[in-house]
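The values are calculated or read from the model by the stated rules, or taken from the named source; none is laboratory data. These numbers come from a predicted model, not from an experiment. Cβ atoms come from the backbone with ideal geometry, glycine included; neighbour counts cover every protein chain shown.
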Amino acid sequence: MKILWQMDQPVDPGLTTLMQTAADCAVLTEGVAQPCAVSVRLCDDEAIHAINRDYRQVDRATDVLSFPLLAYPKGKTAGSLSRHALAQAWDDETNAVMLGDLVISVDHIAAQAEAYGHSVAREAAFLLVHGLCHLMGYDHMEEDEQRRMRTMEEKILNQIGMSREENAEGMEPVSDEALLGLARAAMERAYAPYSEFSVGAALLCEDGRVFQGCNIENASYPLSNCAERTAVFKAVSEGEKSFTTIAITSNGSTPWPCGACRQVLNEFAPSIRVLVEGADGVRDELPLSALLPHGFGPKDLGK
Ligand SMILES: [Zn+2]
């Protein structure tokens, strides 16, 4: 999912990272048959108030506004539209189906997080997912459609460890399928002009959060970074250090992590599950302890 950001003010970069993962997860969960794009503007209450007044004749600030580009027949959502119907909103610039525009108030994110007693991150993810669901054809005017929308929102948020209810009942932990899907979405962002070997990783943390990474090459070849380390570094710099599974996908052979990545993973999670899938769709998995036997780690330095 390509997000075209418009930031009226600086926001915590951790929030936009999380929103990107949530957006990837939303189109995966919905099962949209084409690559998608969306524009997201993050603004303050005053700006969203003006938009709400000018475009919807509602004279107040709100948390999120959605302006879908696709018209959905009754009962249909983006995942049930044909490629032909989706093509109506094809955008040549992003090379994707433009689902529409979202406007989210950063003031409302903060105020509602405090009012509901949950994290700013969770509120930001919820508002993005709520808005995206509208852009994908969901609504909450009638009771049955509201139930459908709520179920979809919870399903998406649950898969990135951001379900609105802690340990929401009946919700499965993040599945291997979902994690591999997020790794594939990250792979689409790989910067690999030299090797053309694209890799994506999705790192699942103990608390259910997911961090994505792709490989990033450089004209000075040795400076290139692998997808796995990108994901680990993103997670650690956002305060996460407990990892349970890493899913890795590639556009070529089965992407078992290189020696450097095994060593970096070993620093934080010596027994992490490593789940791999190559372009042929064949999956395999091993615990890191089998990929890096007798690994040198913090324990060897008495830490
Ligand atoms: Zn590596």
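Quick one: which of LEU135, LEU81 is of a type outside the set (D, E, K, R) and more than 18 Å from the chain's Cα centre (by Cα)?
Only one candidate passes the filter, namely LEU81.
Go through region 264-293 residue by residue and tally those that are over 25 Å from the mean Cα position of the chain (by Cα) and either at pLDDT below 95 or crowded, with 16+ Cβ neighbours inside 10 Å (or both).
2
Say whether the condition of being part of a loop (DSSP other than H, G, I, E, B), in contact (Cβ under 8 Å) with a residue 60 or more places away in the chain, farther than 18 Å from LYS2 by Cα and not acidic (Asp, Glu) is met by at least one residue in region 193-202.
Scanning region 193-202 turns up no residue that is part of a loop (DSSP other than H, G, I, E, B), in contact (Cβ under 8 Å) with a residue 60 or more places away in the chain, farther than 18 Å from LYS2 by Cα and not acidic (Asp, Glu).
Can you tell me which of (1) in contact with a strand residue (DSSP E or B) (Cβ under 7 Å, 6 or more places away or on another chain); (2) within 26 Å of LEU275 (Cβ to Cβ); (3) of a type outside the set (D, E, K, R) is the one GLY131 doesn't meet?
Among (1) in contact with a strand residue (DSSP E or B) (Cβ under 7 Å, 6 or more places away or on another chain); (2) within 26 Å of LEU275 (Cβ to Cβ); (3) of a type outside the set (D, E, K, R), the lone unmet condition for GLY131 is (2).
Could you check region 255-270 and list, in sequence order, the residues that are within 14 Å of the ligand (Cβ to nearest atom) and either over 19 Å from VAL282 (Cβ atoms) or of a type in the set (Asp, Glu) (or both)?
The answer is CYS258, GLY259, ALA260, CYS261, ARG262, GLN263, VAL264, LEU265, ASN266, GLU267.
Considering only residues of region 222-248 that are part of a strand (DSSP E or B), β-branched (Val, Ile, Thr) and within 14 Å of the ligand (Cβ to nearest atom), which is surrounded by the most Cβ atoms within 10 Å (Cβ to Cβ)?
Per the stated criteria, the residue is ILE248.
Check region 212-221 and report whether any residue there is touching a residue at least 60 places away in the same chain (Cβ under 8 Å) and buried (at least 22 other Cβ atoms within 10 Å of the Cβ).
Yes, region 212-221 has at least one match.
What's the total number of residues in region 180-202 that are of a type in the set (A, V, I, L, M), at pLDDT 95 or above and either within 13 Å of the ligand (Cβ to nearest atom) or surrounded by fewer than 24 Cβ atoms within 10 Å (Cβ to Cβ) (or both)?
Residues in region 180-202 being of a type in the set (A, V, I, L, M), at pLDDT 95 or above and either within 13 Å of the ligand (Cβ to nearest atom) or surrounded by fewer than 24 Cβ atoms within 10 Å (Cβ to Cβ) (or both): 5 in total.
Being part of a strand (DSSP E or B) and among the charged types (D, E, K, R), is that true of even one residue in region 68-88?
Scanning region 68-88 turns up no residue that is part of a strand (DSSP E or B) and among the charged types (D, E, K, R).
Given the criterion out of contact with any helix residue (DSSP H, G or I) (no Cβ under 9 Å at 6 or more places or on another chain), assigned to a loop (DSSP other than H, G, I, E, B), within 16 Å of the ligand (Cβ to nearest atom) and among the small types (Gly, Ala, Ser), identify the matching residue among GLY281, GLY295, GLY252.
Exactly one of GLY281, GLY295, GLY252 is out of contact with any helix residue (DSSP H, G or I) (no Cβ under 9 Å at 6 or more places or on another chain), assigned to a loop (DSSP other than H, G, I, E, B), within 16 Å of the ligand (Cβ to nearest atom) and among the small types (Gly, Ala, Ser), namely GLY252.
For GLU145, work out the one condition from (1) loosely packed, with under 13 Cβ neighbours inside 10 Å; (2) away from the ligand (no atom under 16 Å from the Cβ) it doesn't fulfil.
Failed condition: (1).
Just to be sure I understand the filter: pairs with C-beta atoms under 6 Å, separated by 6 or more residues or on different chains, first member in region 1-29 and over 16 Å from ALA121 (Cβ atoms) and in contact (Cβ under 8 Å) with a residue 60 or more places away in the chain, second member of a type in the set (S, T, N, Q) and not in a helix (DSSP H, G or I). Which pairs pass?
What qualifies is LYS2/THR94; LEU4/SER39.
For region 68-90, enumerate the residues that are surrounded by 17 or more Cβ atoms within 10 Å (Cβ to Cβ) and without any contact (Cβ under 8 Å) to a residue 24 or more places away in the chain.
Scanning region 68-90 gives ALA85, ALA89.
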